[in-house]
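Single-structure report; data block below.
The values are calculated or read from the model by the stated rules, or taken from the named source; none is laboratory data. In this text the structure is predicted, and so the values were computed from the model without any measurement. Here the Cβ is made from the backbone with ideal geometry for all residues, glycine too, and neighbour counts use every protein chain on show. Ligands, DNA and RNA are excluded from the accessible area calculation, which covers all protein heavy atoms including side chains. Shrake-Rupley method; radii C 1.70, N 1.55, O 1.52, S 1.80 Å.
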Amino acid sequence: MAEFPFSTEEALRSFICRYYQENLSLSAQARYCERRHQGLGRSQCTCYRPEQLRVLPEELLAGACCCGNPLEQAELKAGESVLDLGCGVGLDLLLAAQQVQPGGIVYGLDMNEAALERAEAYRRQLNLDNVRLLRGLIEELPLAEATIDVIISNCAINLVPDKERALREAYRVLKPGGRLAIADTVLEGEPSDLLRREPQAWAACLTGSLSTAIYRKLLAATGFSDITIELAAGDWDWPAFLDEEERQRLQGRWLSALIRARKPAA
Ligand SMILES: C[S@@+](CC[C@H](N)C(=O)[O-])C[C@H]1O[C@@H](n2cnc3c(N)ncnc32)[C@H](O)[C@@H]1O
């Protein structure tokens, strides 16, 4: 795993928090992510079917920052409890809340207060009463153990400094037999010196990305079973700080992954 160009984990988290907070307030368009989908919009987002996105406010889509569609493989059912790690402005959170009705509940966790405020506004707009927003850290979940049926996450685990701790926490709060369905970026091979040095490379979901082999190893070491990882080419723009040489080096190595695993039944 790459070391980071920050003196402490807390410094890395603050940098990431500020980066996304600034992106959120950049414009009326609320561009949440430098590494956005090409105009992530109803007809253009390739991770979701257009009919899935039609139920969400247009403004939410402009503020989302996804790298896959964890709901495609989460197979949510009515009545289930779901936790969205790093929910941002609520893209998967609010779709999931509709899928687990009636009787289900969805928790959205993020460390970014501004994003949570937006998610709350969209929740009200959609009149969903089965959503709970939690401000906190993925590495320190404010939930009791064995309370969640399904954990989803979209493009957030790569930003967490201590992945082992994050996965241990996910395992703790899942019920026996509970599922993990994550979309995340992966980086095959070692990050270059430039990526190791550049703080923005962490915030842009690059340097903190695990390789598929390490992802699989960490999930297995945490106790997860039935691990599958599907790779797809990422359809995001290159971050501006990467020169042409670095882009060539990353071509085909910085990918979008759909990761599925299960906490064994007791
Ligand atoms: C790339 S954005 C993705 C947002 C959302 N999942 C989406 O698809 O639109 C990553 C989110 O993860 C949150 N995040 C990153 N590290 C975190 C941590 N350690 N604890 C809690 N939230 C974190 C950020 O604040 C940000 O909202």
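Scanning the stretch 150-159 turns up no residue that is open to solvent by 40 Å² or more (accessible area, probe 1.4 Å), modelled with pLDDT of 95 or more and more than 9 Å from the ligand (Cβ to nearest atom). Given the structure, is V89 out of contact with any His (no Cβ under 6 Å at 6 or more places or on another chain) and surrounded by 17 or more Cβ atoms within 10 Å (Cβ to Cβ)? Here the answer is yes, as V89 does meet what is asked.
Among all residues of the stretch 31-49, there is at least one that is modelled with pLDDT of 50 or more, among the hydrophobic types (A, V, I, L, M, F, W, C) and within 18 Å of A115 (Cβ to Cβ).
Does G208 count as open to solvent by less than 10 Å² (accessible area, probe 1.4 Å) and within 10 Å of the ligand (Cβ to nearest atom)? In short, yes. Check the stretch 124-139 and report whether any residue there is open to solvent by 50 Å² or more (accessible area, probe 1.4 Å), in a helix (DSSP H, G or I) and of a type in the set (D, E, K, R). Checked the stretch 124-139: at least one residue is open to solvent by 50 Å² or more (accessible area, probe 1.4 Å), in a helix (DSSP H, G or I) and of a type in the set (D, E, K, R).
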